[in-house]
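> What follows is a structure written as structure tokens; I'll ask about it next.
The values are calculated or read from the model by the stated rules, or taken from the named source; none is laboratory data. No experiment lies behind these values; they were computed from the predicted model shown. A quick note on method: Cβ atoms are made from the backbone with ideal geometry, for glycine too, and the neighbour counts reach across all protein chains shown. For accessibility, only protein heavy atoms count, side chains too; no ligands or nucleic acids. Shrake-Rupley method; radii C 1.70, N 1.55, O 1.52, S 1.80 Å.
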Amino acid sequence: GDDVADSNTEATRIIGLSTAIANPHDLADWIGIKVRGRSNDSVGLYNFRPSVRPVPTTVHLSGFAGRHYCPRMATMNKPCYSAIQEYSPSKPVIIFVASRRQTRLTALDLITYAASDQNPTSFLGCNDEYIQSVAETLNDVSLRHTITFGIGLHHAGLSSKDRDVVEQLFLNGDIQVLVATATLAWGVNLPAHLVIVKGTEYFDGKESRYVDYPVTDILQMIGRAGRPQFDKEAVACVMVEESKKNFYKKFLYNPFPVESCLAPKLPDTLNAEIAIGTITSVEECLGYLDWTFYARRVRLNPSYYGVES
């Protein structure tokens, strides 16, 4: 029976995807991927620079002073409006913010700035009668108001029906601006010509403070800029707290190395392997450790793990 099962087994292909990383060869060596193939071997590793994109994207980085989060977010609203006028006056725009409250406050300020320019419906791509009829079907009061000015809101607090309506209006060009929380970057495929990342922090309930998004999340948001079927180039504006500007200037363009997270879980991991019989001696334990990605990175980057070289 085993022989029959083995003969019918098809080869399995495993494909791993990630953002650009600084140490792909370490990862490939650990997994057992061929890096440089001979004439009869296939190469299994492909690592592209962050700048390699279907639509070339120009990233503008702006720093904003201010110790407190909410006032600093408020100072970014006028630059958001200016960025839309400069880089995407008539093409789709997505603005990423950290909370539902910020979606509403940002949208209201954009409406105010458009009204001060004597053009409050400048972001509207359809006639007033149509958008009013759509607004009457929505449940969220804030969305019902902002959408009549061509600005949609997108966050987890909306009903699925409201989200579907907003997404369709944005895709059809009936509304030009979408103010969304970061979850949109990973979920629905809604590309835009201009993406604005308004702040790189969010409130972490567990730590009861504002913490930074992972750089991979920022890159995912920036990745929404550019519509391959419509654009030859795209623009992204990243607005950060002033002291973090140099950090993002470096790491938005240079890939991060992948490091191991095994150290804090090492006792539990070894105990589990001993319990199931994978490790039965000190020699096997050392061999197991030597096989891990952790062992490879400790040798190459000891300072990261608090080890003397």
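> Could you bin all the Cα-Cα distances of region 201-309 into 10 Å bins starting at 0 and give me the percent of pairs in each, rounded to whole numbers?
Result returned by the calculation: 11, 25, 27, 20, 13, 4, 0.
> Separate question: In region 213-245, which GluC sites (Glu not before Pro) fall in coil by DSSP and have 16 or fewer other Cβ atoms within 10 Å?
Details: sites: Glu233, Glu241, Glu242; in loops: Glu233.
Sparse-neighbourhood loop GluC sites (Glu not before Pro): Glu233.
> With the cut-off at 30 Å, tell me which of the pairs Lys206/Lys244; Lys34/Lys245; Lys78/Lys232; Lys91/Lys245 have Cα atoms farther apart than that. Could you put the intermediate results ahead of the total?
Values: Lys206/Lys244 23 Å; Lys34/Lys245 38 Å; Lys78/Lys232 27 Å; Lys91/Lys245 27 Å.
Violating the 30 Å Cα-Cα cut-off are Lys34/Lys245.
> Quick check on region 111-170: take the gyration tensor over C-alpha atoms, sort the square-rooted eigenvalues as a ≥ b ≥ c, and tell me if it's rounded (a/c under 1.5), prolate or oblate. Could you put the intermediate results ahead of the total?
On the way: a/c = 2.18, a/b = 1.64, b/c = 1.33.
The shape class here is prolate.
> Also, I was wondering about something else. Summing -39500 (n - 2.57) over the DSSP H runs of n ≥ 4 in the chain and dividing by its residue number, what mean residue ellipticity at 222 nm do you reach, to the nearest 500 deg cm²/dmol? It would help to have the intermediate numbers written out before the result.
Values: 14 runs with 123 residues, N = 309.
That comes out to -11000 deg cm²/dmol.
> Take the Cβ-Cβ distance between Asn271 and Leu17 as r, set R0 to 45 Å, and report the resulting FRET efficiency rounded to the nearest 0.05.
Details: r = 32 Å, r/R0 = 0.72.
Calculated transfer efficiency: 0.90.
> Another question, then. If amide H atoms are built 1.01 Å from N in the plane of the peptide, which residues on other chains or at least 5 residues away come under 5 Å of the amide H of Ile196?
Ile94, Ile95, Phe96, Cys237
> Rolling a 1.4 angstrom probe over the protein heavy atoms, how many square angstrom per residue are accessible across the chain?
Numbers: 17940 Å² over 309 residues.
Heavy-atom SASA per residue in the chain reads 58 Å².
> Given a Förster distance of 25 angstrom, what is the FRET efficiency for Lys161 paired with Phe203, based on the Cβ-Cβ distance and rounded to 0.05? Could the numbers behind the result be given before it?
Values: r = 27 Å, r/R0 = 1.10.
Efficiency computed from Cβ-Cβ geometry: 0.35.
> Sticking with this one: Please list, in chain and number order, the residues 5+ apart from Phe256 or on another chain whose amide H is under 5 Å from its amide H, with Hs placed from the backbone.
Ala22
> Going by the alpha-carbon gyration tensor, a ≥ b ≥ c the square roots of its eigenvalues, is region 63-186 rounded (a/c under 1.5) or, if a/c is not under 1.5, prolate (a/b greater than b/c) versus oblate?
Numbers: a/c = 1.78, a/b = 1.27, b/c = 1.40.
In terms of gyration-tensor shape, oblate.
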